[in-house]
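Only one structure is covered here, and it is reproduced in the block below.
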Amino acid sequence: MQLPRGWYVLAASHEVKSGKPLSLRVLGRDLVFWRNEGKLVVMADRCPHRSASLSLGRLRQGCIECPFHGFRFSAEGDCKHIPETGKGAENLKVEVLACVERHGFIWHYYGSAAPSGEPPWFEELGAETGLVYSERCHTWPMHITRCVENQLDYAHLPFVHANTIGGNLDVSRAVEFELNAETIKFYPGGKKAPVSGISFIFPAFWRLAIVPGRFMQMIAFVPVDDNETRIYLRGYQNFVTLPLLADLFGMLVQAQNSVILNQDRTVVLSQKPANVMHAGDEILYQSDRGIAHFRKLWAAGLASN
């Protein structure tokens with residue numbers, strides 16, 4: 001899969017349970033996620049012996065065991081045990097991906113070696129803010145670029161979301177954009193506070209401030225392959241923070257989010273071509289400034305690989 005260099009979310013941390021491998025397709029690859037004494041391990045989901053899926057196996061003695069012939073591989077990808085020989089094999093190794101866990105997500109730097117420092121994040125969603133969040137994952141059979149652009153497009157709101165969130169938006173109003181090499185920001189309702197409006201961190205993280213500092217939405221776009229994208233949608237808020245009540249409130253928020261996102265899904269899945277890098281004949285307008293900038297950054301990122 002061709003992607004710009006950068007940090008991408010692979011999965012939510014809570015999805016990887018202790019004692020059980022998890023199989024996920026991400027970045028155009030089949031991967032297996034597991035924990036060794038709590039420590040996260042992400043590796044290619046393929047035994048180098050006969051290509052069986054390691055995720056079908058079990059965890060034993062700090063290793064993942066192939067379900068086909070019982071070969072065991074350590075958290076570093078080394079073959080530690082072959083039943084028929086009673087020992088390991090230096091020539092058998094599984095690729096291990098360098099990953100970190102931050103903010104309840106599993107992150108991987110796609111491209112060359114990961115730079116020093118932390119994955120990108122929105123400061124206004126930090127743990128010290130006291131915000132709690134609910135989360136739901138949606139899967140769309142669409143290239144990541146179309147999924148991202150949908151969230152950078154405010155002019156569709158009165159039409160796609162006329163009966164939910166877009167009925168009162170006047171798309172003829174001037175919108176302020178802030179565009180640079182790392183972020184896209186714009187303010188459909190006017191810039192009223194430093195974190196109001198919509199903010200996007202390239203290549204795959206989006207935040208909407210509904211009530212700045214109190215109620216915000218965040219999306220991590222996960223490229224499964226060229227034909228599919230996972231969308232982790234979180235609602236952050238500090239209106240209701242008591243555990244059980246917060247869970248109930250979160251369910252209501254995510255139910256509403258699902259309705260809104262499904263309205264988007266119907267239209268986005270109709271767009272062709274799926275990859276916007278192949279959409280050279282589209283004519284963009286003033287409201288598409290954020291989208292035009294995203295395409296510029298994406299093309300530059302591909303060219304630098």
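The values are calculated or read from the model by the stated rules, or taken from the named source; none is laboratory data. This one's a predicted model, so the numbers in the text were calculated from it and none came from an experiment. Neighbour counts are summed over all protein chains in view; Cβ atoms, including those assigned to glycine, are modelled from backbone coordinates with ideal geometry.
The figures follow:
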quantity: Complete set of residues in region 53-71 that are within 17 Å of Glu95 (Cβ to Cβ) and more than 27 Å from the chain's Cα centre (by Cα); calculated: Cys63, Cys66, Phe71
quantity: Candidates Ala279, Ala209 - the one that is of a type in the set (A, V, I, L, M, F, W, C) and more than 17 Å from Arg295 (Cβ to Cβ); calculated: Ala209
quantity: Single match in Ala274, Ala220, Ala246 (criterion: assigned to a loop (DSSP other than H, G, I, E, B), buried (at least 17 other Cβ atoms within 10 Å of the Cβ) and of a type outside the set (Asp, Glu)); calculated: Ala274
quantity: Residue match in region 153-160 (condition: charged (D, E, K, R), in a loop (DSSP other than H, G, I, E, B), assigned by TED's automatic domain parsing to the domain that holds Ile210 and in contact with a Ser or Thr (Cβ under 9 Å, 6 or more places away or on another chain)); calculated: yes
quantity: Among residues of region 105-152, those that are within 14 Å of the chain's Cα centre (by Cα), part of a strand (DSSP E or B) and assigned by TED's automatic domain parsing to the domain that holds Asp226, counted; calculated: 6
quantity: Residue list for region 282-299, filter: among the aromatic types (Phe, Trp, Tyr) and either over 13 Å from Asn180 (Cα atoms) or out of contact with any Phe, Trp or Tyr (no Cβ under 9 Å at 6 or more places or on another chain) (or both); calculated: Tyr285
quantity: Test: Gly62 is touching a Lys or Arg at 6+ places or on another chain (Cβ under 6 Å), outside the structural domain of Thr229 (by TED's automatic domain parsing) and touching a residue at least 24 places away in the same chain (Cβ under 8 Å); calculated: no
quantity: Flag for Arg230 being surrounded by 13 or more Cβ atoms within 10 Å (Cβ to Cβ) and farther than 24 Å from Ala274 by Cα; calculated: no
quantity: Among the residues listed as Gly167, Gly197, the single one being on the phi > 0 side of the Ramachandran plot and free of Cβ contacts under 8 Å to residues at least 60 places away in the same chain; calculated: Gly197
quantity: 1 or more residues surrounded by fewer than 13 Cβ atoms within 10 Å (Cβ to Cβ): qualifying strands (runs of 3 or more DSSP E) within region 64-104; calculated: 87-93
quantity: Val42 vs. criteria within 22 Å of Trp107 (Cα to Cα) and touching a Leu at 6+ places or on another chain (Cβ under 7 Å); calculated: yes
quantity: Residues within region 115-136 that are buried (at least 17 other Cβ atoms within 10 Å of the Cβ) and under 14 Å from Ala98 (Cβ atoms), tallied; calculated: 1
quantity: Test for Leu302: is it in a helix (DSSP H, G or I), of a type in the set (A, V, I, L, M) and surrounded by fewer than 16 Cβ atoms within 10 Å (Cβ to Cβ); calculated: yes
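Residue-wise test of (1) touching a residue at least 40 places away in the same chain (Cβ under 8 Å); (2) more than 24 Å from Arg102 (Cα to Cα); (3) small (Gly, Ala, Ser); (4) not assigned by TED's automatic domain parsing to the domain that holds Phe200.
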| residue | (1), (2), (3), (4) |
| --- | --- |
| Ala12 | yes, no, yes, yes |
| Gly28 | yes, no, yes, yes |
| Val42 | yes, no, no, yes |
| Cys66 | no, yes, no, yes |
| Arg72 | no, yes, no, yes |
